[in-house]
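A.B. asks: Just dropping this structure here.
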């Protein structure tokens, strides 16, 4: 893929995130894609990948993303973005808390033949759990 083709693909993906279109996001992955995610573990296959997208959209119905950086190096891509939303649905068995979430994420992609063949999602999942009320933050000693 050319740099322009990759940029166009990720522009479309941003729109899919904004419209909460889990099927369209999933369709950008190859059938044998592997996604490594702190929220889903190692996901293999399109059904598992789509399930995690949908879980986020169900748990955070107003989920929004704001891309900050798109870095392209050949067939390797890194997207850095801020994700935000209100916890209004089930999230890993936790009922809606009504709490607001905001987290910076970095997703690393390996591309081949116009599709995502490998993806690694990096985010502060502990921070996410604190924000939605699963975990409590403990002040540092002396703070």
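Rule-based calculations on the coordinates, nothing more; no lab input. Note that the coordinates shown come from a computational prediction; the quantities given were computed from them, not determined experimentally. Reconstructed Cβ throughout: ideal geometry from the backbone, glycine too, with neighbour counts over all protein chains shown.
A.B. asks: Let me know the shape class of region 77-130, please: from the alpha-carbon gyration tensor, a ≥ b ≥ c as square roots of the eigenvalues, rounded when a/c is under 1.5, otherwise prolate if a/b is greater than b/c, or oblate.
C.D. replies: Prolate, because a/c is 1.5 or more and a/b exceeds b/c.
A.B. asks: Continuing with the same structure: What is the spin-label model distance, in nm, from residue 19 to residue 122 if the labels are put 7 Å beyond Cα along the C-beta direction?
C.D. replies: Placing both labels 7 Å beyond Cα along the Cβ direction yields 3.1 nm.
A.B. asks: Next question, about the same structure. Can you pull the one-decimal nm distance between simple spin-label points at residue 64 and residue 78, each 7 Å off the Cα toward Cβ?
C.D. replies: 2.6 nm
A.B. asks: Can I ask one more? If we count other beta carbons within 10 Å of each Cβ, what is the order of 130, 42, fewest first?
C.D. replies: 42, 130
A.B. asks: Can you tell me how much longer the chain between residue 42 and residue 2 gets when fully stretched, taken as 0.36 nm per residue apart minus their C-alpha distance, in nm with one decimal?
C.D. replies: Value of the extension gain: 11.6 nm.
A.B. asks: Same structure, new question: Using a Förster radius of 25 Å, what is the FRET efficiency between residue 106 and residue 136 based on their Cβ-Cβ separation? Nearest 0.05, please.
C.D. replies: 0.45
A.B. asks: What 222 nm value per residue comes from the helices of the chain, counting each DSSP H run with n ≥ 4 as -39,500 (n - 2.57) and dividing by all residues, nearest 500 deg cm²/dmol?
C.D. replies: Value at 222 nm, helices only: -9500 deg cm²/dmol.
A.B. asks: Additional query: Quick one: 43, 70, 9, fewest Cβ neighbours within 10 Å first, how do they rank?
C.D. replies: Fewest-to-most ranking of 43, 70, 9: 70, 9, 43.
A.B. asks: Which of the following values of log10 I(q)/I(0) by the Debye sum over Cα atoms at q = 0.17, 0.20 Å⁻¹ was calculated from the structure shown: [x] -0.94, -1.16; [y] -0.95, -1.27; [z] -0.85, -1.10?
C.D. replies: Computing log10 I(q)/I(0) by the Debye sum over Cα atoms at q = 0.17, 0.20 Å⁻¹ and matching it to [x] -0.94, -1.16; [y] -0.95, -1.27; [z] -0.85, -1.10 gives [y].
A.B. asks: Which value results for Rg/Rh of region 64-103 when Rg is the Cα radius of gyration and Rh the Kirkwood radius based on the inverse mean 1/r?
C.D. replies: Result for region 64-103 is an Rg/Rh of 1.20.
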